[in-house]
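Okay, so here's the structure we're looking at.
What follows is calculated from the coordinates using simple rules that are stated; it is not laboratory data. From a predicted model like this one, the values you see are computed outputs, not experimental measurements. Here the Cβ is made from the backbone with ideal geometry for all residues, glycine too, and neighbour counts use every protein chain on show.
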Amino acid sequence: MKALRNAAVVILIAGACLMGRALYLHAKAELAGILIRRAWVASIQSGEAHKPWPWADTHPIARLRIPRLSYDQIVLEGATARTLAFGPARLMAGAGMGEAGNLVLAGHRTSWFRDLEGIEAGDEIQVEWFDRHGLHERVYSVSVIRVMEPGNVALLAPTADDALTLITCYPFGNGPTSPQRFVVRASPVGLSRIVSGEPFAYMPFSS
């Protein structure tokens with residue numbers, strides 16, 4: 001009987017520890033989202049990159065929106081495993097913000113790019129970025145949606161024409177495996193433009 005009670009106590013303690021860790025990770029994600037958005041606002045006000053926290057090895061470089069899906073996220077620089085834990089990020093092998101070529105952004109299938117499950121051909125994608133001249137915006141239209149094998153990198157390669165490519169693992173959701181890749185290619189609709197007006201209001205952090 002005593003052994004049973006001891007086992008029950010151990011199980012309760014383990015459960016409390018797991019619950020506490022889950023709450024800690026959720027709070028950490030919420031705080032990170034707030035700090036990233038604040039760093040983005042500071043960046044577009046000054047025209048210079050601002051880290052979301054002093055020891056961060058990344059910084060916000062763009063705002064990515066898909067109006068039909070009510071999608072709105074801040075893009076970080078450098079799609080490393082550490083950076084992707086906090087948001088979608090730019091692949092360094094692709095074009096830079098405002099540069100000609102193929103701009104490639106990556107995000108997790110369980111969080112940042114989960115909404116891509118509902119994307120359709122013709123959907124509008126808006127990208128905002130900053131430099132010392134101000135805040136710029138470019139609009140793209142989705143032209144290709146494809147599920148590919150990991151070794152097929154054709155849509156990630158540099159292009160002569162301007163393009164936006166979004167990539168995540170597939171299938172979507174919290175399944176145990178994601179053996180394929182979900183790729184969205186979008187083409188620009190016109191040229192980029194300078195955006196006027198105040199920085200955007202903070203949006204609730206979503207994951």
Contour minus Cα-Cα distance for ARG38 and ASN174 (0.36 nm per residue): 46.0 nm
Cβ-derived FRET efficiency at R0 25 Å, LEU91 paired with LYS51, nearest 0.05: 0.80
Estimated dipole of segment 49-158 in Debye, rounded to 20 [Cβ of Lys and Arg +1, of Asp and Glu -1, Cα centre]: 220
Per-pair calculated FRET efficiency, R0 = 30 Å: ASP131 and ALA81 via Cβ, rounded to 0.05: 0.60
SER143 versus ALA100: modelled label distance in nm, points set 7 Å from Cα along the beta carbon direction: 1.6
Relative exposure of ASP123, ASP161, judged by other C-beta atoms within 10 Å (fewest first): ASP161, ASP123
Extension gain (nm, one decimal) between SER187 and SER70, 0.36 nm per residue minus Cα-Cα: 40.1 nm
Point-to-point label distance, LEU31-ALA154, nm (Cα→Cβ direction, 7 Å offset): 4.7
Neighbourhood net charge (11 Å Cβ-Cβ; Lys/Arg +1, Asp/Glu -1) for PRO60: +3
